[in-house]
Every structure is written in structure tokens, then in C-alpha cells.
1. Could you run through region 297-319 and say how many residues are closer than 17 Å to Lys438 by Cα, open to solvent by less than 20 Å² (accessible area, probe 1.4 Å) and at pLDDT below 70?
2. What are the residue pairs meeting all of these: first residue in region 329-343, first residue open to solvent by 10 Å² or more (accessible area, probe 1.4 Å), second residue modelled with pLDDT under 90 and of a type in the set (Lys, Arg), Cβ atoms under 8 Å, and 6 or more apart or on different chains?
3. Across region 271-281, which residue is modelled with the lowest pLDDT among those that are open to solvent by less than 10 Å² (accessible area, probe 1.4 Å) and assigned to a helix (DSSP H, G or I)?
4. Of the residues Gly404, Gly420, Gly408, which single one is open to solvent by less than 40 Å² (accessible area, probe 1.4 Å), modelled with pLDDT under 90 and of a type in the set (Gly, Ala, Ser)?
5. Hey, Thr284 hits all of (1) surrounded by fewer than 17 Cβ atoms within 10 Å (Cβ to Cβ); (2) at pLDDT 80 or above; (3) polar (S, T, N, Q) but one; which does it fall short on?
6. Check Leu322, Leu294, Leu253, Leu268 and return the single one that is modelled with pLDDT of 85 or more, in a helix (DSSP H, G or I), out of contact with any His (no Cβ under 6 Å at 6 or more places or on another chain) and farther than 28 Å from Ala127 by Cβ.
7. Within region 466-499, can you find the residues that are open to solvent by 40 Å² or more (accessible area, probe 1.4 Å), over 20 Å from Gly355 (Cβ atoms) and in a helix (DSSP H, G or I)?
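The values are calculated or read from the model by the stated rules, or taken from the named source; none is laboratory data. Owing to the predicted nature of the structure, the values given are computational and were not obtained by experimental measurement. Cβ placement follows ideal geometry from the backbone for every residue including glycine, while neighbour counts extend to all protein chains displayed. The protein model used for the area step is the full one, side chains on, heavy atoms only, and it has no ligands, DNA or RNA in it. Shrake-Rupley method; radii C 1.70, N 1.55, O 1.52, S 1.80 Å.
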Amino acid sequence: MIQTPRVEGATADPALGSSAEAEVDLAPRVAGASAWAFGAMGGIHALKAGSQIVLAYLLAREYWGVIAILQVLLTAVEMLSDVGIRGAVVYHRAGTSRSFLNTAWTAQIARGVILWLACCALAWPAAWYYERPLLLVLLPVCGLESVNNGLLSVGVYSRQRTMRVGMPIVLDWIGLGVSIAASIAWALVDPSPWALAIGPLVGGVVKTTASHVLIPEVRLRLQWDRDAARDLIHFGKWIYAGTVAAFVAQQFLTLYLGKMVVDSILGLYWVAWGFSVQATKPLTLISNQVLIPLFAQGGRLGPREHQARIEGAMHRYLPACLLIVLGVAFVCPAFFHLLYREEYHEAGNIGRWIGVVLWFMILQHVPRSAMLSLGDSRGTCLMMVANGAVTVASCIAGYLFGAGLGVGALRGAILGNALGNVAGCVAGAASAHRTGMKVGGPMTRYSAAFLALFALGVWLDGLLPRLHAAFTPVVSSVLVTAVLLAPLALVVWRRTIRIALAQRRAAKAPATAP
């Protein structure tokens, strides 16, 4: 087993609580954190989806194309410099130490400034390569968001460490609300790509400010503790390599399409991708803010408890993943036909195939969370390297040969992206197995169920309109979603939701009992 490194002589600050967190009341805390994740992130998705609909009516779809490239380039700068500060605060034994938190915040601020300078340097090459002059100005201005992120209080990560996710989610709500309001206000005055670019910058400033006000137990100052910095670097070297590969795995297709297709097609892909990814964000949030801390506590108790928690989480987490990803994929055509202008309708079909990418992308959270809970950032790095390498080759091959194979260039590229994520799942399961964690069996069984249900849904969606004209794309999409997912929803209710509600009631019972 990989042992969690620790800072010699580090002790917890009394204001932050003991460094050896009490392993009590775990089930209610997991249930509460999961409820926050699904409830709040579901609301965030609804808010983002609604704002996207409004902005789609105000802006031409071509504008989304240049913003797609801008956002991916900003993500590139962000991910390609990730040194694992959040993960170190969450899992490290010294993560409650005042000096450790101050050092982490100092490193985070320095990183944010460096990222902004990188955005300035990248502006001209990006504008030239993609033949979009607006990037020359957009990148330096919007790159200031990295400075905002650097100033964010690391107290947010301290809350996540103990699965107290309420305030981090509130901060997300604050930032998102301001961002959306700023974007819509700008679009009403000036319907241009700037409306999509300025909103996140304004929202980030407000969120960062609020993080220092609303998490008062963590008061930060600039400090550089050499022992803490050494541990941050030790953990971050593999995180850095892994996030380089993760960026390639997740964003290569957008960068590739940015050079190969016109802005209108890229805009459709980006809108469909945004809707689909946001709908599955609660699953990513649960992985980051519930599974990793849950597994990490199990790892501190011993190998047997660690494996038991992994198996129990998979039994509840994977059915919910299956339900949400399939639901998003099947409902996409109805969503875009009902709520968007006609020029955006094709995004529904694109979003359905993006569902295949998302399933295998989310499935990787299982081995990733298990390995990070033990501090095995090397294993997660190898997983993402496999993902990234296969993604590049298969996306290009899918685009070039998709038309000849009868699936179309764009769909071929999307399926190529999915194949890269399959490679990541295989590599992740193998890396986890080498450290004694058995996750491959459940991952394989649920993937087989996903592919079978997805294929059946696509077949039914194509069959129904041929049977009768009443089966419009909207009707067909809704029927397929309802018929295929109703049994799965019952399974999720019995395995996950009902148990979580019972745990929350049990947690409240002592406080209300006479």
C-alpha cells in the first residue's frame, strides 16, 4: 500500500481542529455531503442551462465557437500548471496545520499570477494559429480569472476535507449567479462574444472575496514553510503530469475541431458539450468532495476498511452515474428542440453521442478517487497518460475516417474521444489493482449495462419516427428516456436515495428526541 506522507513535527492548529479527524458519524456526513452535491449542483446545472438558453437567443451560434477555443485555452493554462494544492489539503495528514495552509495559499497566489502571464504570452500565437484575431485581446483579459482563482481561500479545501461541502457549494452559487447576471447584462447592451467572456471574470472576483468572508475559521497570510512546500511539491509532481494528460484527454477534441470546422459547427458542439457536462457535474463533485475524503479516512483506518468503503461506494455511486448519464444522453434531442432556436437543434443529436464520452470519463473517478485517497498521484497520472495518448490518435482517426465508416466525421471524432476514456478506465483499474484495490469487475459490469442500454435507446429513437409521424424528435426522445430509465431509477432509489434519507433522519433523531 502507498503510505500517506506527512510533515515531520507538524501539528494541527487548535482553531482548525485536530489533525486526526474523528472517524465518527461518518454515514450521516456522507449522506449530507451527497445530498448537497446532488441538490445544489442540480440547481447549478438548471441555472446554467437556463442562462445558456437565454444567451443563445441573444447571441449567434458562431460566437460560441470562438468562446469554445478561448475557454479551452484558459483551461489548458489552468490544468497544465496544476500542482495539486486542493488534493494535498484534502488528503495530507498535516492538511489542518496553519503553516501548511498558509504555504498552500502562497503557492496558489504565485501560480495564479504566473498563469495570467502565460495567457498574455499565448494570445498572439493562438490568434494566429486559429485565425481568430479577437483572441489577441480576449486571452489577456479573461486570463485575469487565474489571479482570482489564486486568491481563493484554501479554507474551501479544508471544508471539503471533512466533507462539509455546504459553504463551498454556496460559494459556487454566488460566483455563478454573478457571472450569469453579468453575461446577460452585457449581451443586452452588446451582443458579442465579450458577453460570454466577461461574466466568469466578474463572478470569480465576487466568489474569491466571499470565500475569505464566509469561511472565517481559516485566516490566511503569506508564508513559506519549507517542509510543507516540500510535501506540496512531492504530491504535486505527479498531479502536474496527470493534469497535462487529463487536459489532452478532455479538451483535445475541441482544439482539433477549432482548426478543422467552421465556428457554427464548433459552436453547436460546444453548446451540446456544455449542457451534457454540466448535467453530470454532481457526479464529479461527489467524487472530489465525498469519495476521496471518505476513502482517505478508510485508508487511515487500514486496508480492509479502505476496500470496504470503495466497494460500498461503487454499489451506490455507479447506478446513479448510469442513470444520470443515460438520462442526459437520451433527453438531449428533446431539450434542444423544445428550448432552442432551430439553428441549435442539431446540438441535441451531438449531445446524445457525447453521453458515451461522459460515461467513461466519469467512470474513471472510481480508480482515481481510490488512488488519490492513498496519496497515489502517480497511479492517477499513468491513468490519464493512457487516456490522453489514445484520445489524440482516436479523435484524429475518427474524424478522418468517420465519414467512410458511415458515422460521420464529427460523430467519429466524438466516439474516438470515448475510446480514449475507455483506455483511461482500463489503465486506472490496473493501477488500482496493483495497490490492492479491486475496482475492475464492477466497472466492467456497469459499462456493459451502459452500452447495452445506450444502443437500445438509439435504436428505439430511430425506429419510432418510422412507425408513425406522431413520434417527433421530441416525443421519441421523451419516450425512450422514460421507458428505459424508469427501472434504473427504482434501483437508484433503493440503493442510494432511500438509504441516504434514512441516514439523515437517523442523524437528526438524537437532536429532536425528548
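1. Initial filter on region 297-319 (closer than 17 Å to Lys438 by Cα): 298-299, 302-318.
Of the ones still in play, those that are also open to solvent by less than 20 Å² (accessible area, probe 1.4 Å) are 298, 302, 306, 310, 313-314, 317-318.
Checking the rest, the ones that are also at pLDDT below 70 come to 298.
Number of matching residues: 1.
2. Close Cβ pairs satisfying both conditions: Glu343/Arg61.
3. Out of the qualifying residues, it is Ser276.
4. Gly408
5. (2)
6. Answer to the check: Leu322.
7. Scanning region 466-499 gives Arg466, Leu467, Leu490, Trp493, Arg494, Arg495, Ile497, Arg498, Ile499.
Here is a yes/no grid of residues against (1) under 15 Å from Gly204 (Cα atoms); (2) modelled with pLDDT of 85 or more; (3) in a helix (DSSP H, G or I):
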residue: Ala107; (1), (2), (3): no, no, yes
residue: Pro125; (1), (2), (3): no, yes, yes
residue: Pro140; (1), (2), (3): no, yes, yes
residue: Ser158; (1), (2), (3): no, no, yes
residue: Arg164; (1), (2), (3): no, no, no
residue: Asp172; (1), (2), (3): yes, no, yes
residue: Gly175; (1), (2), (3): yes, yes, yes
